[in-house]
Amino acid sequence: MSGLDLVRRLQEQDDMPSVILITALPDGHLDDDAISTGAQCLLRKPFAIVSLLDRVARSLYQCAFSTITMSTLPSSLRRHAPATPH
């Protein structure tokens, strides 16, 4: 089973986890395939550890704030709510 196959299987779950795919394959189409199947990103080997840590941090940030919407925050906190990372 490939990483893309695993992501496709995970999509069948109600609560899909964040997935960061890592590959050594040079195929340029993998980037688009990874994102379109639901992965957070695709890192190519070799990569700097800071790149992986950045992606993990972004994923954790998105998970932490995915259940919070502006309408559920008290008005006093809305102006201090962090912007969603790109």
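Only one of Asp54, Asp5, Asp31 is over 16 Å from the mean Cα position of the chain (by Cα) and part of a helix (DSSP H, G or I); which? Unique residue meeting the criteria: Asp5.
Matching residues to (1) closer than 18 Å to Val7 by Cβ; (2) surrounded by 13 or more Cβ atoms within 10 Å (Cβ to Cβ); (3) modelled with pLDDT of 90 or more:
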residue	(1), (2), (3)
Ala48	no, no, yes
Arg55	yes, yes, yes
Leu60	no, no, no
Thr69	no, no, no
Ala83	no, no, no
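Looking only at residues of segment 34-51 that are among the β-branched types (Val, Ile, Thr) and under 20 Å from Arg8 (Cα atoms), we find that the one that is nearest to the chain's Cα centre (by Cα) is Ile35.
Residue count for segment 14-28 satisfying the condition of being over 14 Å from Gln62 (Cα atoms) and either in a strand (DSSP E or B) or touching a residue at least 24 places away in the same chain (Cβ under 8 Å) (or both): 3.
The values are calculated or read from the model by the stated rules, or taken from the named source; none is laboratory data. Please read these numbers as outputs of a predicted model, since none were measured by experiment. Don't worry about glycine lacking a Cβ; one is built from the backbone with ideal geometry, like all the others, and counts go over all protein chains shown.
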